[in-house]
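Working notes, structure below.
The values are calculated or read from the model by the stated rules, or taken from the named source; none is laboratory data. Computed from a predicted structure; not experimentally measured. Counting neighbours? That spans all protein chains shown, and the Cβs are built from the backbone with ideal geometry, glycine included. In case anyone asks, the SASA skips ligands and DNA or RNA and just uses the protein heavy atoms, side chains included. Shrake-Rupley method; radii C 1.70, N 1.55, O 1.52, S 1.80 Å.
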Amino acid sequence: MGCGRIRIVDLADELGVSTATVSNVIHGKTKKISDETVKRVQQLLEERQYIPSMAGILLAQNDSKIIGVVINDHEKYEGHTLEDQFISASVNALAKEIQQAGKFLMLKVTDNWDEIPKFASMWNMEGMVLIGYCQQDYKKLREQTHIPFVVYDGYMESSGNLVNIEVDHFDGGAQVGRYLKNKGHRAVLCISDNNICMDLERFMGLKSEIPNAELMIIPMEQEARTIFYMERLQEIKKYSAVFAVSDSYAMDMIQFLKSVDISVPEDISVVGFDNVRECKKFVPALTTIKQDNKQRAALAVKILNQLRNGECIEKHVMLPVTLIERDSVCDVKMHKE
């Protein structure tokens, strides 16, 4: 057969079947083909190393079945973006839903917004999910690519071929505020590395229930954060509860408090946001706000399909959140005088 490009017609001749049969096996259309024939075709495809060219076949089709998941390589992850528990949980949920829909996930981590249109076009994607790009220029991206996309927690005027799916950050903060208030807490500190987008909404939700709650902007880097907390230890000790805008920051705060012999929740109660898996195993188990990653992933895949078919009328979807009570909060009367 030589060293040139392997052709379907050559494979068909060798097997004694039609080119249509070989093509149908390649594209997974095997309902009308006997199991024995399918097996023979697949074996020869492997022997002739034809399988690697499947990527080219997918890309050449109008429907590549590839959904791109693009994640902001933000500096706060310190080079470990995919190790962040919220990010990994989101990607895991998307992977399951995309596979269940019979499609392929392609992942990209980048802090370069201008790379995204090229990435989408290069792989002939049928849709994208963007995570962690809070205040980006979605209008510009929409103009540069015809591909429909879904944004997790974006802040923009939605129009065109995109939908913003966010959780109710304000209500999450309000639920924390009501819960802490019912536990007798009035001196509450909120910690975040910024005061914009969803973190600001979470803080404002907290303040809607506890008006005198304070916001402390903390460093993104873990080492700098520890030094920051140590320098402000006396200020932190004035509060009976801390609301961290993420579980990662909540657990980090608990570890710091333990390191300086402050008990949680006996001395200071701590609440997080996200309900990552580690919350249950952490000591004390973390009280937090749960957002449903599976629900959001399933909705993202469904909406991308609707956008492709021109059937989507939603431009902004708000998903509910729920407070999960565990061991990291106690009644204020239990706190030491």
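On the stretch given as the range 205-228, residues that are of a type outside the set (Val, Ile, Thr) and under 23 Å from the mean Cα position of the chain (by Cα) total 5. Scoring Leu200 on the criteria (1) within 30 Å of Leu307 (Cβ to Cβ); (2) touching a residue at least 24 places away in the same chain (Cβ under 8 Å) leaves a single failure, condition (2). Of the helices (runs of 4 or more DSSP H) that lie entirely inside the range 146-235, those containing 3 or more residues that are open to solvent by 10 Å² or more (accessible area, probe 1.4 Å), touching a strand residue (DSSP E or B) at 6+ places or on another chain (Cβ under 9 Å) and modelled with pLDDT of 95 or more span 169-182, 197-209.
For the range 310-330, the set of residues classified as open to solvent by 50 Å² or more (accessible area, probe 1.4 Å) and assigned to a loop (DSSP other than H, G, I, E, B) consists of Gly310, Glu311, Ile313, Glu314, Lys315, Pro320, Glu325, Asp327, listed by residue number. For Arg186, which of the numbered conditions (1) farther than 22 Å from Leu319 by Cα; (2) in contact with a helix residue (DSSP H, G or I) (Cβ under 7 Å, 6 or more places away or on another chain) fails to hold? Condition not satisfied by Arg186: (2).
Which numbered condition in (1) closer than 17 Å to Trp123 by Cβ; (2) more than 12 Å from the chain's Cα centre (by Cα) is the only one that Leu107 fails? Here Leu107 meets the rest and fails (2). Residue count for the range 238-262 satisfying the condition of being of a type in the set (D, E, K, R) and crowded, with 23+ Cβ neighbours inside 10 Å: 1.
Going through the range 292-306 one residue at a time, which ones are buried (at least 17 other Cβ atoms within 10 Å of the Cβ) and of a type in the set (Lys, Arg)? Arg296 - this is the single residue of the range 292-306 that is buried (at least 17 other Cβ atoms within 10 Å of the Cβ) and of a type in the set (Lys, Arg). Only one of the numbered conditions (1) in contact (Cβ under 8 Å) with a residue 60 or more places away in the chain; (2) open to solvent by less than 20 Å² (accessible area, probe 1.4 Å); (3) more than 22 Å from Ala298 (Cβ to Cβ); (4) polar (S, T, N, Q) is not met by Ser64, and that is (3).
Taking residues in the range 299-313 that are of a type outside the set (D, E, K, R), and partners anywhere that are part of a helix (DSSP H, G or I), the pairs with Cβ atoms closer than 7 Å and at least 6 places apart or on different chains are Ala300/Leu94; Val301/Glu97; Val301/Ile98; Cys312/Ile303; Cys312/Gln306.
Yes or no: the range 46-62 includes at least one residue that is modelled with pLDDT of 85 or more, in contact with a Leu (Cβ under 8 Å, 6 or more places away or on another chain) and not aliphatic (A, V, I, L, M). The answer is no, given that none of the residues of the range 46-62 is modelled with pLDDT of 85 or more, in contact with a Leu (Cβ under 8 Å, 6 or more places away or on another chain) and not aliphatic (A, V, I, L, M). Screening the candidates Asp274, Asp252, Asp292 for the property of being at positive phi and within 25 Å of the chain's Cα centre (by Cα) yields one hit, Asp274. Anything in the range 120-145 that is in a loop (DSSP other than H, G, I, E, B), open to solvent by 60 Å² or more (accessible area, probe 1.4 Å) and closer than 26 Å to Glu75 by Cα? List them, or say none. Listed by number, the residues that qualify are Gln135, Gln136, Asp137.
Only one of the numbered conditions (1) more than 21 Å from Lys302 (Cβ to Cβ); (2) touching a strand residue (DSSP E or B) at 6+ places or on another chain (Cβ under 8 Å); (3) surrounded by 15 or more Cβ atoms within 10 Å (Cβ to Cβ) is not met by Pro117, and that is (2).
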